[in-house]
């Protein structure tokens with residue numbers, strides 16, 4: 001199929017634009033914090049919002065490869081690292097609200113929560129797993145790890161799943177949003193399996 | 001005009017036959033509209049507003065005399081009390097009840113009384129308002145989710161109503177039912193909970209001086225999102241037990257089903273007394289965030305047993321294992 005192939009400097013512009021876009025949720029929260037427009041429970045609003053955007057950005061990183069394979073727009077791959085690091089960024093802010101506003105840096109209380117509350121356990125695990133991915137996101141690391149880089153970064157499937165389960169387990173009763181994320185994740189993972197199966201079959205046109 | 005010839009009456013002046021044949025109905029409607037228009041200020045007195053209420057001064061006054069049972073802590077700002085609500089009949093987001101509850105029809109309203117009771121006559125809310133003198137009760141309110149407020153309610157003890165309807169000797173519990181108005185409540189479309197919302201108390205809990213029927217807050221009639229026109233307030237239990245917009249009170253022999261217990265029995269018990277030592281299966285109940293106070297620069301505060309009302313209510317549960325009867 002015909003696909004737009006931007007020149008290298010055009011992709012840079014796209015990346016710059018995407019960078020600015022990814023900062024908008026943060027900007028809205030910061031502005032809202034000062035304007036006192038985050039509602040009666042601003043900490044809950046911030047925690048919820050940063051968590052949601054983490055999941056959303058994780059899903060976009062998972063959408064890159066299926067989109068690439070389907071459309072042939074390989075340049076999309078150049079956006080994936082930024083999306084992944086922004087997911088890590090929002091996850092870090094989200095984690096900070098837990099450590100700071102919920103527990104005031106009380107390590108004993110934090111560990112107690114991690115151990116006793118299943119939804120905290122999976123959320124904490126997802127965040128821990130994001131750390132090596134963020135640390136090995138540089139070009140140098142990609143070169144140094146070689147084939148193992150691909151293997152390590154497949155952890156994103158586990159991380160995204162843990163993130164969805166974390167959301168599902170913390171909701172009191174209305175599982176609409178976690179369910180939607182679960183469906184999106186199922187589609188994005190399912191498409192990969194489907195594309196993998198298709199490539200495995202010898203094509204009559206090959 | 002003086003009609004001398006048939007052509008003096010213009011064709012355009014002739015009343016259409018359809019309207020003429022319904023002329024009496026037309027007149028009745030015009031009269032009703034005029035009456036309704038003249039009653040507009042009166043309807044506001046009945047607590048109906050054209051749109052959402054998010055600030056003080058929009059609802060009729062409902063003063064209450066101060067009570068010794070009030071706490072002296074700082075009350076949560078009105079705006080927070082009326083825009084941060086769990087009232088799933090109007091949506092599951094905290095901001096949705098304030099946005100949608102103005103559609104609730106609060107007049108005419110009567111509360112049915114049935115079950116193990118002598119006086120089964122329904123009571124109109126206008127009569128409920130006059131049943132006993134209004135008091136201002138400033139109470140702590142602790143939500144099971146881990147946040148809390150201090151709210152200056154206006155109402156009177158539930159015991160005043162119970163005394164007058166005379167429960168029989170078989171009555172051991174009191175059950176309450178919230179209104180369901182499908183045309184006005186968008187949340188009813190989803191079975192988030194089984195509708196109608198029901199709650200219940202043991203009879204001695206219901207007779208306790210702290211348990212009140214609430215009709216107002218901050219010296220004004222209740223905004224719809226806070227459970228207008230009449231609700232329950234039981235401050236030593238988690239907030240979901242303080243059922244809103246009551247349409248039925250039933251006295252029962254057996255422990256009544258309550259909506260959150262039906263939804264998740266291992267998470268929400270019948271008693272649901274505030275207890276920092278008994279965690280929700282999925283989160284801790286040891287601390288709470290006081291809305292409007294605890295925030296970015298203040299840690300969450302410790303939750304108190306029975307929400308700080310232990311001195312007054314702990315005796316109701318003497319000998320009951322709180323981990324079993326949660």
Taking alpha-carbon centroids only, the range B:258-300 lies from the range B:117-164 a number of Å equal to 23 Å
Computed over chain A: longest principal axis from alpha-carbon atoms vs helix A:155-170 long axis, angle to nearest 10 degrees, is 40 degrees
For the residue B:312, residue B:15 Cβ pair and Förster radius 56 Å, calculated FRET efficiency rounded to 0.05 is 0.20
Across A:98, A:56, A:34, the residue with the highest GNM fluctuation in chain A (Cα network, 10 Å cutoff) is A:34
Simple SL model, points at 7 angstrom along Cα→Cβ for residue B:286 and residue A:197; separation in nm is 4.9 nm
Highest GNM mean-square fluctuation among B:159, B:228, B:277, for chain B with Cα springs under 10 Å, belongs to B:277
Under 18 Å by backbone N from the virtual spin label 7 Å along Cα-to-Cβ at residue A:157, the residues of the range A:55-72 are A:58-70
Note on the range A:1-148: contact order normalised by length, alpha-carbon pairs under 8 Å, 6 or more apart, percent, works out to 22 percent
Chain B: relative contact order from alpha carbon pairs under 8 Å, six or more residues apart, as a whole percent, is 18 percent
Stokes-Einstein, Kirkwood over Cα pairs, chain B, 20 °C, 1.002 mPa s; D in µm²/s equals 99 µm²/s
What the Cα atoms of chain A span along the principal axes, largest first and in whole Å, is 60, 38, 35
The range B:85-110 and the range A:51-94 have their Cα centres apart by a whole-number Å value of 39 Å
When chain B is treated as a Gaussian network with springs between alpha carbons less than 10 Å apart, the largest mean-square fluctuation among B:304, B:158, B:131 is found at B:131
Summing -39500 (n - 2.57) over every DSSP H run of at least 4 residues in chain A and dividing by its residue count gives a helix-only mean residue ellipticity at 222 nm, to the nearest 500 deg cm²/dmol, of -26500 deg cm²/dmol
In degrees rounded to 10, the 0-90 angle between helix B:23-38 Cα long axis and the longest Cα principal axis of chain B is 50 degrees
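All of the numbers you see were taken from the coordinates with simple rules; none came from a lab. All values reported here derive from a predicted model rather than from experimental measurement. Neighbour counts run over all protein chains shown; Cβ positions are idealised from the backbone, glycine included.
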